[in-house]
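Q: Below you will find the structure I want to go over with you.
Here, each number is a calculation from the coordinates, and none is a lab measurement. Keep in mind that this is a model prediction, so the values were computed, not measured. Glycine gets a Cβ as well: all are built from the backbone with ideal geometry, and neighbour counts include every protein chain shown.
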Amino acid sequence: MTSVAEAVWDSRARQSLADGGRAFEQLLAMAEMNADTGQSSVVAAFIASVVGFSKFDLYDLRRLDVDISDDVMACIDTIRWRKAHLADLVPDGWSRAHAI
């Protein structure tokens, strides 16, 4: 039988997957627009770090609007739970991330 604590952790992990998938989709869409803004370059750098191309400086979060940095934080939470890779949570996530 599952303990209450295990059920709570499982619920949090499932919610993190849903939130992270939605957030990663939004970040991919923003980076794909190829806008020439500092924010889109930070988002592209974060996406590159997610797929293992580079490291991401967390201080760059300060360069993002709150809504965008909330999406990055949701992605980080999903990574923390280690239930799935972010690129697996969105359609063509790997190829889209590699294209960025």
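Q: Counting each DSSP H run of 4 or more residues in the chain as -39500 (n - 2.57), what helix-only mean residue ellipticity at 222 nm follows after dividing by all residues, to the nearest 500 deg cm²/dmol?
A: -21500 deg cm²/dmol
Q: Expressed in nm², what is the orientationally averaged projection area of the convex hull enclosing the Cα positions of the chain?
A: 6.8 nm²
Q: How large is the direction-averaged shadow of the alpha-carbon convex hull of segment 57-100, in nm²?
A: 3.6 nm²
Q: Under the Karplus relation 6.51 cos²θ - 1.76 cosθ + 1.60, θ = phi - 60°, what is the ordered set of whole-Hz ³J(HN,Hα) values for segment 47-53, x standing for Gly and Pro?
A: Working through the residues one at a time gives 4, 4, 6, 5, 8, x, 7 Hz.
Q: Let me ask another. Extending each Cα 7 Å along its Cβ direction at ARG80 and MET33, get the distance between those two points in nm, one decimal.
A: For the pair ARG80/MET33, the computed spacing is 2.8 nm.
Q: Applying the Karplus parametrisation 6.51 cos²θ - 1.76 cosθ + 1.60 with θ = phi - 60° to the phi angles of segment 7-13, what ³J(HN,Hα) value in whole Hz is obtained for each residue in order, glycine and proline being reported as x?
A: Coupling constants for segment 7-13: 5, 5, 4, 5, 4, 5, 5 Hz.
Q: Could you give each residue of segment 55-66 its phi-based ³J(HN,Hα) in whole Hz, using Karplus coefficients 6.51, -1.76, 1.60 with θ = phi - 60°, and x for Gly or Pro?
A: Per-residue couplings from phi come out as 9, 10, 7, 4, 5, 5, 4, 5, 8, 9, 4, 4 Hz.
Q: Here is a follow-up. Just want to confirm a number: the relative contact order over the chain, from Cα pairs under 8 angstrom separated by 6+ residues, in percent.
A: 38 percent
Q: Explain nothing, just the number: dipole magnitude of the chain about its Cα centre with +1 on each Lys and Arg Cβ and -1 on each Asp and Glu Cβ, in debye rounded to the nearest 20.
A: For the chain, the charge dipole is close to 320 debye.
Q: Then there's this: At what distance in nm do the modelled label points of TYR59 and ALA13 sit from each other, each positioned 7 Å from its Cα along Cα→Cβ?
A: 3.5 nm
Q: If each residue of separation counts as 0.36 nm, what is the full-extension length gain between ASP92 and SER3 once their alpha-carbon separation is subtracted?
A: 28.4 nm
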